[in-house]
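Heads up, the thing below is written out as structure tokens.
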Amino acid sequence: MIAIKTNNLSKKFKDLVAVSDVDLEIQKGECFGLLGPNGAGKTSLIRMIIAISPPTKGEIWIFDQNLVLNDRKIKSTMGVVPQNDNLDSDLTVLQNLVTFARYFDMSLKEARKRSVEVLNLFQLLDRRNSRVEELSGGMRRRLLIARGLLNSPNILVLDEPTIGLDPQAKYLVWHKLTELKAEGVTQLISTQNMEEAASLCDRVAIMHQGSILDINSPERLICKYVGEKVWEIEVDLKHQSEVRDKLRTMDFEFEEAGNAIHIFHVKHEGHIREIASKYKGFRRRAGTLEDVFLRLTGRALNE
């Protein structure tokens, strides 16, 4: 069953096209990732899907319901974790959650019960009476994620869910998201953390300049664009053109990154070793989603 579907979805801000004719199908129970550099259109796309920014063009369907026609009903079944902290600093941790839960027409008793449950889930129950301003940045982030689960959503939308978290907190969040997926909760995650996308997501869409460049599982994207192994050769500036010419002659796929040259889809390692042995150093490593991301979107900053 399709949980989220978009048809020719576009968003314009005057002359700026933030999202351009995006077609998506996200399956029920799937963890789907949006990857892209700053300004790629990820947040604009999410804001349309959670019904807080109307599309300029196109349609959004949530479990076969048109979002424009059923926005209030659909929003009540979604959990949203924004990138920016919008907790109320005048309230305690528990008060923040109880107040938010009441927007979903919960009784005060049920709101308190759910608030305690989600605080316990993210190891924040002992801070329930603390003011938000007394929490560390990581605790506030976990509190935002806990708040997104108050209404037991069947779709959870997270914009940079683990930004600013230390390793322990990050893995706690990943573990909880994995558990939610096992329970059938559909997840849409926007992230620039390639390790996060590779660990959590069944499929990812790589966005650039408002468009989707490709969609597939992390493993298949790696196989398609870089191969199982990537070779890196460190080359002095004076030798770079010489190495480039040799690699082109042998029809290798490669990219330059500073004083390193990354070589992809290597079939005959002997040829690479012969070239690499003449220079500073070389290594062979596993291909990653970050390699794919940089091949598709480039290394230049586009802010």
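Filtering region 56-85 to residues that are without any contact (Cβ under 8 Å) to a residue 24 or more places away in the chain and either over 23 Å from G29 (Cβ atoms) or not aliphatic (A, V, I, L, M) (or both) leaves Q65, N66, V68, L69, N70, D71, R72, K73, N84.
On the stretch given as region 127-155, residues that are open to solvent by 30 Å² or more (accessible area, probe 1.4 Å) and not in a helix (DSSP H, G or I) total 6.
Would you point out the residue of region 193-226, among those that are among the small types (G, A, S) and open to solvent by 10 Å² or more (accessible area, probe 1.4 Å), that is farthest from V22 (Cα to Cα)? Please lay out each step first, then the result.
Step one: filter region 193-226 for residues among the small types (G, A, S), giving 197-199, 205, 210-211, 217.
So of that shortlist, the ones also open to solvent by 10 Å² or more (accessible area, probe 1.4 Å) come out as 198-199, 211, 217.
Details: A198: 22, S199: 25, S211: 6, S217: 18 Å.
Ranking the candidates gives S199 first.
Looking only at residues of region 55-109 that are part of a loop (DSSP other than H, G, I, E, B) and aliphatic (A, V, I, L, M), we find that the one that is surrounded by the fewest Cβ atoms within 10 Å (Cβ to Cβ) is L69.
Quick check: anything in region 111-124 closer than 23 Å to K170 by Cα, of a type in the set (S, T, Y), under 27 Å from the mean Cα position of the chain (by Cα) and open to solvent by 50 Å² or more (accessible area, probe 1.4 Å)?
If we filter region 111-124 for residues that are closer than 23 Å to K170 by Cα, which is where we start, we get 114-124.
When the remaining residues are screened for being of a type in the set (S, T, Y), the result is 115.
Narrowing further to those that are under 27 Å from the mean Cα position of the chain (by Cα): 115.
Within this subset, residues satisfying the condition of being open to solvent by 50 Å² or more (accessible area, probe 1.4 Å) are none.
Among the residues of region 111-124, not one is closer than 23 Å to K170 by Cα, of a type in the set (S, T, Y), under 27 Å from the mean Cα position of the chain (by Cα) and open to solvent by 50 Å² or more (accessible area, probe 1.4 Å), which makes the answer no.
Within region 243-268, being in contact (Cβ under 8 Å) with a residue 12 or more places away in the chain, in a helix (DSSP H, G or I) and open to solvent by 30 Å² or more (accessible area, probe 1.4 Å) holds for R244, K246.
For L158, the conditions (1) open to solvent by less than 60 Å² (accessible area, probe 1.4 Å); (2) closer than 30 Å to F63 by Cβ; (3) assigned to a helix (DSSP H, G or I); (4) at pLDDT 95 or above all hold with the exception of (3).
When I163 is tested against (1) at pLDDT 95 or above; (2) in a loop (DSSP other than H, G, I, E, B); (3) open to solvent by 70 Å² or more (accessible area, probe 1.4 Å), just one condition goes unmet, and that condition is (1). Of the strands (runs of 3 or more DSSP E) that lie entirely inside region 2-46, not one contains 1 or more residues that are closer than 22 Å to E219 by Cβ, among the hydroxyl-bearing types (S, T, Y) and open to solvent by 10 Å² or more (accessible area, probe 1.4 Å). Return yes or no: is R273 more than 22 Å from L213 (Cβ to Cβ) and touching an Asp or Glu at 6+ places or on another chain (Cβ under 8 Å)? The answer is no for R273.
In summary, I233 fulfils each of the numbered conditions (1) buried (at least 18 other Cβ atoms within 10 Å of the Cβ); (2) modelled with pLDDT of 90 or more with the single exception of condition (2).
Being on the phi > 0 side of the Ramachandran plot and not aromatic (F, W, Y) is a description that does not apply to K57. Residues that are at pLDDT below 80, open to solvent by 40 Å² or more (accessible area, probe 1.4 Å), outside any loop (DSSP other than H, G, I, E, B) and aliphatic (A, V, I, L, M) do not occur anywhere in region 273-285.
The values are calculated or read from the model by the stated rules, or taken from the named source; none is laboratory data. Keep in mind that this is a model prediction, so the values were computed, not measured. Note: ideal-geometry Cβ built from the backbone for every residue, glycine included; neighbour counts use all protein chains shown. The protein model used for the area step is the full one, side chains on, heavy atoms only, and it has no ligands, DNA or RNA in it. Shrake-Rupley method; radii C 1.70, N 1.55, O 1.52, S 1.80 Å.
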